[in-house]
Amino acid sequence: MERIYLTVTALNRYLKYRFDQDDNLQKILLKAEISNFKRHSRGHLYLTLKDDKSQVSAIMFVSNTKSLNFNPKDGDKVIIEGNVSVYEPYGTYQIYINKMDLDGVGNLYLAYEKLKAKLEEMGMFKEEHKMPIPKYPKVIGVVTSPTGAAIRDIINIINIRYPLVKIIIYPALVQGVNAKESISKQINLANKDNLVDVLIIGRGGGSIEDLWGFNEEIVARSIYASKIPIISAVGHETDFTIADFVSDVRASTPSHAAELAVPSKKDIYKILDNNIRRMEVLLNQYIESKAKHFSQIIENNYFKNPSKIFENKKLSMIYLEERLNAYQPRKQIENYKNTITNNNRRLNQAIISILNESRNNFIRLNEKLDLVNPLSIMKKGYTIVKQDDVIKNSINDVSVDKKITVSFYDGELDCNVLKKRVRK
Amino acid sequence: MKELTFEEKMKELEELIKKLESGDNSLDESVKLYKKGITLAKECHQELEEAEKAILELRTENGLEEFNK
């Protein structure tokens, strides 16, 4: 029988054909660890996938890398979707990766980081959205499992610290796939009821998967939308969930949440005692200050010596008078007075000189007058002749048949005219 | 008059002390404020002492039910 020899190419082609025909190899799901990770200049990823006993090479084409939500590196535990095929030129088989995610916890952590970054960018963690927790709440709501450790811790703490409140439990599934809807729904319900002053949401400790409900966007949104202040209390001190960031206050544990939600009896007693003492002090201070004020009034000089009031009045009057006296008008009046006196004096002088002059004139005139006084002329022997009481200067005016009167300086003569002789 | 809640009492006590501190009340008012303050403080004290356990309720589809853990 003649032997048929295949070429290498034919062999590899055949093998590739067989691989590609196998449905099991066309869609494989693989869990592995990355090693020999290389990024090709074109963006393709070359790597080796291994577990503790075996390894296989793999390639992820650049077109598939866009769906990656992490930066692969050696040592990463990953889950992979892809197919197995033969690379003919080298005769090797390898895995062609379609989809690659970090495995398990790694993957959850990644989703957490992604959502946290997203919500933070939306401003949902901002301080300005945080509501204050009321100091003395009347009703406290708790969204948690009614049978879990969290509610037990919360009730215990509240009974010790501040048993005046009512606690309303909004029962929720706090783990498993339905947790997120359940938690979100109960937060919304509490807001609709609007019966509580503050809402605690949370659960006791557990694995990261157990707490996962509190890392879901739907829960974050319900917390953000809540009009009731929310204290988150998920797991232990070291567990930070998305709910913690969106809530108004983060408590490290459910017990801590209860402490944050209510004041402590002890503190209130202290406040009350302080207040009572403060009031006593204040009242005493008040009375003392009033008493002091009263004694100040009693001690007042006016009370002791009422005449002081008048003395003071008198003093102020004198003072006023002095001021008035010192005031300008007085000077002005003096000035006026002086002016008047001066004027008077000048007027007097003027009048006196006028009078003197007049008198001199009068004397002189009198002397002149004396010279022409008819009496003084008549004393020298002159007489005045009147006829019918009319002085006659000429004999032509004198009638012969009538009497004439001849006046001397010391008397008159009634005479008859005997004869008229006219001087030529 | 409606019974004041614990919170309202604590608040009123604070306000009252503020008023006392201001010092501009009459003697009569001050004494009244003091008396009222002492009464309030004692009431608060008593309420806390007498309260033993918080009331527990469970929100169900039918509304609130008593809850016994």
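The values are calculated or read from the model by the stated rules, or taken from the named source; none is laboratory data. The model shown is predicted, which means the values in this text are computed figures rather than measured ones. Positions of Cβ are generated from backbone atoms using ideal geometry, with glycine treated the same way; all protein chains shown enter the neighbour counts. Note: areas computed on protein heavy atoms with side chains; ligands, DNA, RNA excluded. Shrake-Rupley method; radii C 1.70, N 1.55, O 1.52, S 1.80 Å.
Our estimate of slack between A:ALA350 and A:ILE79, defined as 0.36 nm per intervening residue step minus the Cα-Cα distance, is 83.3 nm.
Accessible surface of A:HIS236, taken over heavy atoms with a 1.4 Å probe and every protein chain present, rounds to 100 Å². Tell me the net charge near A:ASP267. Cut-off is 13 Å between Cβ atoms, A:ASP267 excluded, with +1 for each Lys or Arg and -1 for each Asp or Glu. Result for the local shell: +3. The residues of the protein assembly as shown expose on average 67 square angstrom of accessible surface per residue, using a 1.4 Å probe on protein heavy atoms. Charge tally around A:HIS236: other residues with Cβ under 13 Å, Lys/Arg +1 each, Asp/Glu -1 each, net -3.
Restricting to DSSP loop positions (anything but H, G, I, E, B) with no more than 12 other Cβ atoms inside 10 Å of their own Cβ, which trypsin sites (Lys or Arg not before Pro) remain in segment A:210-268?
Numbers: sites: A:ARG221, A:LYS227, A:ARG250, A:LYS265, A:LYS266; in loops: A:LYS227.
For trypsin sites (Lys or Arg not before Pro) across segment A:210-268 that sit outside H, G, I, E and B with at most 12 neighbouring Cβ atoms in 10 Å, the list reads A:LYS227.
Centroid-to-centroid, using Cα positions, segment B:2-41 and segment A:1-31 are 94 Å apart. For the pair segment A:148-193 and segment A:205-239, the centres of their Cα atoms are 12 angstrom apart. For chain A, the longest principal axis of the C-alpha atoms and the axis of helix A:104-121 are separated by about 20°.
The length gained on full extension between A:ASN342 and A:ARG278, counted as 0.36 nm times the residue separation minus their Cα-Cα distance, comes to 14.5 nm. Ranked by solvent-accessible area (1.4 Å probe, protein heavy atoms only, all chains present), the residues A:MET279, A:MET378, A:MET122 order from largest to smallest as A:MET122, A:MET378, A:MET279. Share of carbon and sulfur in the accessible area of the protein assembly as shown stands at 53%, probe radius 1.4 Å. For segment A:164-169, putting each phi into the Karplus relation 6.51 cos²θ - 1.76 cosθ + 1.60 with θ = phi - 60° gives couplings of 6, 8, 10, 10, 10, 8 Hz, in residue order, rounded to whole numbers and with x for Gly and Pro.
How much net charge surrounds A:VAL86 when only the other residues with a Cβ under 11 Å from the Cβ of A:VAL86 are counted, with Lys and Arg +1 and Asp and Glu -1?
Details: positive: A:ARG13, A:LYS16, A:ARG18; negative: A:ASP20, A:GLU88.
For residues surrounding A:VAL86, the net value is +1.
In the Gaussian network model of chain A, springs joining C-alpha atoms below 10 Å, which of A:PRO132, A:PRO146, A:PRO374 carries the largest mean-square fluctuation? Of A:PRO132, A:PRO146, A:PRO374, the Gaussian network model singles out A:PRO374 as fluctuating most.
Restricting to DSSP loop positions (anything but H, G, I, E, B) with no more than 16 other Cβ atoms inside 10 Å of their own Cβ, which chymotrypsin sites (Phe, Trp or Tyr not before Pro) remain in segment A:51-117? Provide the component values of the computation, followed by the final result.
On the way: sites: A:PHE61, A:PHE70, A:TYR87, A:TYR90, A:TYR93, A:TYR96, A:TYR109, A:TYR112; in loops: A:PHE61, A:PHE70, A:TYR90.
Here the sparse-neighbourhood loop sites are A:PHE61, A:PHE70, A:TYR90.
Largest GNM mean-square fluctuation across A:ASP101, A:ASP20, A:ASP410, computed for chain A with C-alpha springs under 10 Å, falls on A:ASP410.
Of the candidates A:ARG203, A:ARG277, A:ARG161, which one comes out as most mobile in a Gaussian network treatment of chain A with C-alpha springs shorter than 10 Å? Sorting by GNM fluctuation, first place goes to A:ARG277.
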